[in-house]
Amino acid sequence: MEKNLIKKIGLVGLLVLVVGCSDMGEPEVFLPQLLVSTNAINFSTISIGTNQNREILIVNAGEGELTGTLILVQDSTTFTLVPSGAFTVAADDTLIAEISFNPSSESAFSASVLLSSNDPSDAEISVALIGNGTAIPVPVLSLSRTQINFGTILSSTEMQQVITLSSTGTDTLLISSIAADLAVFDINQTLPLVLIPGDSVNLTISFQPVVAGTFSGSMTISSNSTTSPDMVNLLGIAEAVVSYAASIQPIWNASCVGCHGASGGLSLTSYANLMANNSNHAPVVTASNGATSYLIKKLKGEAGARMPQGGPFLSAATIANIETWINQGALNN
């Protein structure tokens, strides 16, 4: 598995026409953007009758739906591909295709995965597959996954994920080193780790950001496996905590309490009043779900007249900050 997404395919054909017009008077379009994680996979040398798995990540980084087909081309049945055939990847989503290598003889094997998509600029991509079978006992490390996405968490908090390390060869596996290249990813495992064929162990990786940001790194596993060093891509996003007292209440004080003060109905003079649900549309805040919160819809003009009534309206950045506070749990902080 490569450390980074190394192949990028250009924007693909028109997928969705949206009712309405852009500033230029033309229909607005949503386009997909295809990224693939590798253009070649080397399974190295493994024992006859054993199995080794690898992944191809098909990422749609665009805004439109991506469609295509996956086909395995080979002269034997040594490699298998799941899934195969037609696929669809929604915007900002990922399809994981798993390739298995199970040699049946002491030979060198090769195959390819053909990825066809609705991208007119690069309609067909080939991912090369190679591997060797041997009758000599060999240690082999297999990983339950080669990419870990911790999602988005608040800075100064922690998220953990587990990956399984398995000894799938025919000789004893000795893991001598496991290290991440970024300090925000912590691995707590006593080494060296010895696994006889058929054994496995769960490895816990922690994402511990102390500041906001996007963290993309990798974990390297060194062993006596024929596949060593093995790489696992790591990704995590940390958001800065939005303080109600410091960031949200001042917005109400400056723009809203003139109408939403102490005169009845929804009051924005304090956190307690905001969350008291004294509104015809109570509750106005749905904790951890800013997009569906009535308050956000009113500020964006998506639920009747836009607020503040008569303007000036809050900027997109200000509304986004309020929405982030709600998504973080609408805390009284």
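The values are calculated or read from the model by the stated rules, or taken from the named source; none is laboratory data. Note that the structure is a prediction, hence the values are computed from the model and not measured. Cβ coordinates were reconstructed from backbone atoms using ideal geometry, including for glycine residues, and neighbour counts include every protein chain displayed. Accessible surface areas use protein heavy atoms only, side chains included; no ligands, DNA or RNA. Shrake-Rupley method; radii C 1.70, N 1.55, O 1.52, S 1.80 Å.
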Exercise for the section: Output the qualifying pairs, or none if there are none: Cβ atoms under 9 angstrom, residues six or more apart or on different chains, first residue in the range 102-125 and aromatic (Phe, Trp, Tyr), second residue open to solvent by less than 30 Å² (accessible area, probe 1.4 Å) and in a loop (DSSP other than H, G, I, E, B). Expected result: Phe109/Thr78; Phe109/Pro103
Practice task
Identify the residue in the range 123-139 that is over 13 Å from Asn42 (Cα atoms) and surrounded by 15 or more Cβ atoms within 10 Å (Cβ to Cβ) and, among all such residues, is farthest from the chain's Cα centre (by Cα).
Solution key: Thr134
Practice task
Would you check which residues across the range 193-248 are open to solvent by 30 Å² or more (accessible area, probe 1.4 Å), touching a residue at least 40 places away in the same chain (Cβ under 8 Å), under 16 Å from Thr324 (Cα atoms) and over 25 Å from the mean Cα position of the chain (by Cα) and list them?
Solution key: Ser243, Ala245, Ser247
Problem - Out of Gly68, Gly49, sole residue that is of a type in the set (Gly, Ala, Ser) and surrounded by 13 or more Cβ atoms within 10 Å (Cβ to Cβ) - result: Gly68
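Before we move on, is Asp199 farther than 22 Å from Ile56 by Cα and out of contact with any helix residue (DSSP H, G or I) (no Cβ under 7 Å at 6 or more places or on another chain)?
Working: farther than 22 Å from Ile56 by Cα: yes; out of contact with any helix residue (DSSP H, G or I) (no Cβ under 7 Å at 6 or more places or on another chain): yes.
Criteria met by Asp199.
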Practice task
Output the residues belonging to the range 152-163 that are assigned to a strand (DSSP E or B) and open to solvent by less than 40 Å² (accessible area, probe 1.4 Å).
Solution key: Ile153, Ile163
Practice task
Among the residues of the range 299-333, write down those that are part of a helix (DSSP H, G or I), free of Cβ contacts under 8 Å to residues at least 60 places away in the same chain and either open to solvent by less than 30 Å² (accessible area, probe 1.4 Å) or touching a Ser or Thr at 6+ places or on another chain (Cβ under 9 Å) (or both).
Solution key: Leu299, Ile319, Glu323, Ile326, Asn327
Problem - Test result for Leu268, in contact with a Cys (Cβ under 6 Å, 6 or more places away or on another chain) and open to solvent by less than 40 Å² (accessible area, probe 1.4 Å) - result: yes
Exercise for the section: Run down Leu165, Leu143 and say which single residue is within 17 Å of Leu234 (Cα to Cα) and in contact with an Asp or Glu (Cβ under 7 Å, 6 or more places away or on another chain). Expected result: Leu143
Problem - Condition check for Asn278: in a loop (DSSP other than H, G, I, E, B), touching a residue at least 12 places away in the same chain (Cβ under 8 Å), closer than 23 Å to Ala238 by Cα and open to solvent by 70 Å² or more (accessible area, probe 1.4 Å) - result: no
Completion exercise
Leu235: passes all of (1) assigned to a strand (DSSP E or B); (2) touching a helix residue (DSSP H, G or I) at 6+ places or on another chain (Cβ under 7 Å) but (2)
Exercise for the section: Among the residues of the range 71-92, count how many are more than 30 Å from Gly151 (Cβ to Cβ), loosely packed, with under 14 Cβ neighbours inside 10 Å and hydroxyl-bearing (Ser, Thr, Tyr). Expected result: 2
Handout entry: Evaluation of Ser247 against (1) closer than 30 Å to Asn132 by Cβ; (2) out of contact with any strand residue (DSSP E or B) (no Cβ under 9 Å at 6 or more places or on another chain); (3) hydroxyl-bearing (Ser, Thr, Tyr) (one fails), failing number
Key = (1)
Exercise for the section: Would you check which residues across the range 104-122 are in a loop (DSSP other than H, G, I, E, B) and either under 32 Å from the mean Cα position of the chain (by Cα) or on the phi > 0 side of the Ramachandran plot (or both) and list them? Expected result: Asn118, Asp119, Pro120, Ser121, Asp122
Exercise for the section: Residue by residue through the range 249-265, note down the ones that are under 19 Å from Phe313 (Cα atoms) and either among the polar types (S, T, N, Q) or open to solvent by 50 Å² or more (accessible area, probe 1.4 Å) (or both). Expected result: Gln249, Pro250, Asn253, Ala254, Ser255, Gly258, Cys259, His260
Exercise for the section: Specify the residue that is most open to solvent (accessible area, probe 1.4 Å); the eligible residues are those in the range 93-103 that are over 17 Å from Asn39 (Cα atoms) and over 20 Å from the mean Cα position of the chain (by Cα). Expected result: Asn102
